[in-house]
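Here is the structure we will look at.
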Protein chains: 2
Amino acid sequence: MGRWEPGAMERLIAAALELFERQGYEATTTAQIAERAGLTKTTFFRHFRDKREVLFAGQGVLIERATAAVDGAAHGAAPLDLGAAALDALAAAHPEERRADATRIGAVIAAHDELRERAVFKRSAIAEAVARALTARGVDAVAAGLVAELAVRAYYTGFDRWAADSRAGSLPELCRAALDELRAAAASVTAR
Amino acid sequence: MGRWEPGAMERLIAAALELFERQGYEATTTAQIAERAGLTKTTFFRHFRDKREVLFAGQGVLIERATAAVDGAAHGAAPLDLGAAALDALAAAHPEERRADATRIGAVIAAHDELRERAVFKRSAIAEAVARALTARGVDAVAAGLVAELAVRAYYTGFDRWAADSRAGSLPELCRAALDELRAAAASVTAR
């Protein structure tokens, strides 16, 4: 079997989701996932460190896209506009045809403490990376942390609404709407 | 040996820190921690689920104190005042004489991915609990999430400054100063 398998990552994710749903996350082994996908364990481990990471594929890509968007935003952009650029990049990373998978992955994660812990860490890693990118653009550290938090909170709020309802709007729309809500709420609660 | 050992938890924490620092976190076993503290493994497991939890003692107490402070705040308090009440309760949970331990615990956590992951989850659990308490006080969900985030961010910022410098001010002072900075930054970045 050659080193490179077309679509291997997608086949492994699909196989893992089927097995997690049918027999439970704990009972599923990496060998079973690979077998169901018609691939070897070696191929599995070329794509994922362990079965948990199948559910968190793409974290590195999300961070790269979000930070690149901040780096490349227009000169003189306000801090929240830089955050919005990161948000748009995060939202653009999930094509509409993956909405059903997002719903299924969310259900598996929600049912397991270990996975929810990993999900929280992923969110934190994205927020930290965006905050660093904002700091590199000259935003002071306190504001950078806050703006990154607003962007990531908008991303997760929009994503949850997108995954929860197949008739909800597009992910970019839902994320921008969430950012608008957060901006209004932040302005309101911090007004003197 | 009786069921109850006076100061057992404190002795176990002190023993664990010594061993983590001397021989490393991975190489330390719960049996070694119990032995060094002059206690049995049974006593260890009465206080902690595993060696990792020695470093995260008190999460439940923090959540109880913070949510009780929100529940008990004055009628008609503004959302950010409710957040400040939670913050004061969190800050009051760490007596000044534990500052050196906080510094040591932070150093062990910072050196291990697994522990940093657990720390992020702890922070998230506190923020979620405070947000729920705010919602129960009538704050709408978006504002509650944001105010809880501001309070917890102020708590961690203040705590880090407190642990990093034995000459820095008291923890309650540092936390309130951090909240003031965050409030100003949030107002600034969300202004239209």
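The values are calculated or read from the model by the stated rules, or taken from the named source; none is laboratory data. Bear in mind that the values here come from a model prediction, so they are computed numbers and not experimental data. All Cβ positions, even for glycine, are placed from backbone atoms using ideal geometry, and neighbour counts span all protein chains on display.
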Item to check | In segment A:71-102, the residues that are within 14 Å of chain B (Cβ to nearest Cβ) and either in a loop (DSSP other than H, G, I, E, B) or of a type in the set (Val, Ile, Thr) (or both) | outcome: A:Ala77, A:Ala78
Checklist entry - What is the number of the single condition among (1) surrounded by fewer than 20 Cβ atoms within 10 Å (Cβ to Cβ); (2) hydrophobic (A, V, I, L, M, F, W, C); (3) under 12 Å from the mean Cα position of the chain (by Cα); (4) closer than 18 Å to B:Val189 by Cβ that A:Ala77 does not meet? => result (3)
Checklist outcome for this item: Selection from segment B:132-167 of residues closer than 19 Å to A:Ala186 by Cα, within 14 Å of chain A (Cβ to nearest Cβ), outside any loop (DSSP other than H, G, I, E, B) and charged (D, E, K, R) yields B:Glu149, B:Arg153
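Quick one: in segment A:53-69, of everything that is in contact (Cβ under 8 Å) with a residue 60 or more places away in the chain and more than 14 Å from chain B (Cβ to nearest Cβ), which residue is farthest from A:Val142 (Cα to Cα)?
Taking segment A:53-69 first, the residues in contact (Cβ under 8 Å) with a residue 60 or more places away in the chain are A:55-56, A:59, A:62-63, A:66-67.
From what's left, more than 14 Å from chain B (Cβ to nearest Cβ): A:55, A:62-63, A:66-67.
On the way: A:Leu55: 32, A:Leu62: 23, A:Ile63: 20, A:Ala66: 19, A:Thr67: 18 Å.
Out of the qualifying residues, it is A:Leu55.
Going by the conditions given, is B:Gly169 surrounded by fewer than 19 Cβ atoms within 10 Å (Cβ to Cβ) and assigned by TED's automatic domain parsing to the domain that holds B:Val70?
Details: surrounded by fewer than 19 Cβ atoms within 10 Å (Cβ to Cβ): yes; assigned by TED's automatic domain parsing to the domain that holds B:Val70: yes.
Yes: the conditions hold for B:Gly169.
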Checklist outcome for this item: With the first residue restricted to segment A:111-124 and required to be at the interface with chain B (Cβ under 9 Å from one of its Cβ atoms) and at negative phi, and the second required to be of a type in the set (A, V, I, L, M, F, W, C) and outside any helix (DSSP H, G or I), Cβ contacts under 8 Å at 6 or more apart or on different chains are A:Arg118/A:Leu55; A:Arg118/A:Phe56
Next on the checklist: Could you check segment A:90-114 and list, in sequence order, the residues that are under 14 Å from the mean Cα position of the chain (by Cα) and of a type in the set (A, V, I, L, M)?
Outcome noted: A:Leu90, A:Ala91, A:Ala92, A:Ala93, A:Ala102, A:Ile105, A:Ile109
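For segment B:42-86, which positions are among the acidic types (Asp, Glu) and farther than 21 Å from B:Asp180 by Cα? Before the answer, list the steps.
Quick first cut of segment B:42-86, residues among the acidic types (Asp, Glu) only: B:50, B:53, B:64, B:71, B:81.
Those that are among the acidic types (Asp, Glu) and farther than 21 Å from B:Asp180 by Cα: B:Asp50, B:Glu53, B:Glu64, B:Asp71.
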Checklist entry - Mind checking whether some residue in segment B:51-65 is over 21 Å from the mean Cα position of the chain (by Cα) and either within 23 Å of B:Asp113 (Cβ to Cβ) or not in a loop (DSSP other than H, G, I, E, B) (or both)? => result no
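Got at least one residue in segment B:46-68 being of a type in the set (S, T, N, Q), at pLDDT 95 or above and assigned by TED's automatic domain parsing to the domain that holds B:Glu117? Step through it out loud before you land on a result.
Of segment B:46-68, the ones of a type in the set (S, T, N, Q) are B:59, B:67.
When the remaining residues are screened for being at pLDDT 95 or above, the result is B:67.
Retained after the next criterion (residues that are assigned by TED's automatic domain parsing to the domain that holds B:Glu117): B:67.
The answer is yes, given that some residue of segment B:46-68 is of a type in the set (S, T, N, Q), at pLDDT 95 or above and assigned by TED's automatic domain parsing to the domain that holds B:Glu117.
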